[in-house]
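Asks: Could you have a look at this structure, given as C-alpha cells, before my questions?
The values are calculated or read from the model by the stated rules, or taken from the named source; none is laboratory data. The structure displayed is predicted, hence computed values, not measured ones. FYI the Cβ positions are ideal-geometry reconstructions off the backbone, even for glycines, and counts take in every protein chain you see.
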Amino acid sequence: MSTEPVWSTPRKLTQERFVNLFSTEIARPNGQTSSWVFASRKDAPGASAIQADAVTVVAVIQQTGEPCLVMTREFRAPLRAYELSLPSGLIDSGESPMETAVREFEEETGLTLACVSHVSPPTASSAGLTDETVAFVFGEASGSISRAHQTEHEDIEVRLLSVADIRKLLGSTHGDIISSRLYPLLLGYVSAGAITLPNKG
C-alpha cells in the first residue's frame, strides 16, 4: 500500500491565455479520495520537475546615505484594491530566474539590478489554490525610477522605503493590502533595525 497520496493527471477546465483551472483526483493512503481544483500557468501541471514560474525581486538601493527597500504599489483586479508588494514577473522560456529578475526589475521600476547576492529555490505562492512557484532574487539596485519601460497593462508606482518608513507603514491604516511575500520582510527589517541582503554563497 502506498504511503503517499496519488493524484490523477489533471483535467483542464478552462481555456484562458495566461492561467487556467484544472481538476485532479487525489487517492490518499487511508483509502479516501477527493477532487481538487487549482489554477496553473502550465499546459500540463505535474508533468515535469518543479521549476520556478516567476521571480520576486528583493532589492536594496542607497538613498540619502541609507539603504531603502524597493517596493511597488499596483491595483490588483481580484482584490479590487491596491497591493503593496515587490517587483516581480513571469519567467520566459529559456530564462534563468536571475535573467528574469534583471529584465522585470528594469521594466517595472526603471532601476538596474546588480550584485545579486542570493537566488532562492522555488517557493510556493498559495499551495491550496495554485501550483505556481516563485524564486526570490536578492540584489542591489541603482539608477533612477522610471515608468518608461512599463507595458500598456501596467500602472506600477515605485516606492523606496527606509526602516523608518517601514515602521510607519506597519503602524498605519492605509487601506492597501500588503503582499504575503512582502510582509515578513518588513517585519524582519523593523526587528533588525536595518535593511540588509543575504550574504553571497
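Asks: Considering I156, I145, I166, which residue is in contact with a Phe, Trp or Tyr (Cβ under 6 Å, 6 or more places away or on another chain), closer than 20 Å to L69 by Cα and among the aliphatic types (A, V, I, L, M)?
Replies: None of the other options fit; the residue is I166.
Asks: Which one of S179, S142 is buried (at least 16 other Cβ atoms within 10 Å of the Cβ), of a type in the set (S, T, N, Q), under 14 Å from V57 (Cα atoms) and touching a strand residue (DSSP E or B) at 6+ places or on another chain (Cβ under 7 Å)?
Replies: One residue alone meets the criteria, S179.
Asks: Can you confirm whether region 71-83 contains a residue that is under 12 Å from the mean Cα position of the chain (by Cα), within 16 Å of P198 (Cβ to Cβ) and not basic (K, R)?
Replies: No - not one qualifying residue is present in region 71-83.
Asks: Still on this model: Using the structure shown, decide if E107 is of a type in the set (D, E), farther than 18 Å from A127 by Cα, assigned by TED's automatic domain parsing to the domain that holds V137 and touching a residue at least 60 places away in the same chain (Cβ under 8 Å).
Replies: No: the conditions fail for E107.
Asks: Search region 149-164 for residues that are at negative phi and in contact (Cβ under 8 Å) with a residue 60 or more places away in the chain and pair each with any residue that is basic (K, R) and part of a strand (DSSP E or B) when their beta-carbon atoms are under 7 Å apart and the residues are at least 6 apart or on different chains.
Replies: As it stands, the answer is E157/R73; R159/R73, since those pairs meet every condition given.
Asks: Please give the number of the condition A77 fails out of (1) among the aliphatic types (A, V, I, L, M); (2) out of contact with any strand residue (DSSP E or B) (no Cβ under 8 Å at 6 or more places or on another chain); (3) at pLDDT 95 or above.
Replies: (3)
Asks: Of all residues in region 39-64, how many are modelled with pLDDT of 90 or more, farther than 21 Å from T123 by Cβ and of a type in the set (S, T, N, Q)?
Replies: Residues that pass the stated criteria total 1.
Asks: Looking only at region 5-55, count every residue that is farther than 23 Å from G89 by Cα, free of Cβ contacts under 8 Å to residues at least 12 places away in the same chain and either of a type in the set (D, E) or in a strand (DSSP E or B) (or both) and tell me the total.
Replies: 3
Asks: A further question follows. Out of all the residues in region 59-69, which are surrounded by fewer than 23 Cβ atoms within 10 Å (Cβ to Cβ) and either within 13 Å of A141 (Cβ to Cβ) or not acidic (D, E) (or both)?
Replies: Matches in region 59-69: V60, I61, Q62, Q63, T64, G65, P67, C68, L69.
Asks: Residues to consider are V190, V137, V158; find the one that is crowded, with 16+ Cβ neighbours inside 10 Å and out of contact with any strand residue (DSSP E or B) (no Cβ under 9 Å at 6 or more places or on another chain).
Replies: Residue meeting the stated conditions: V190.
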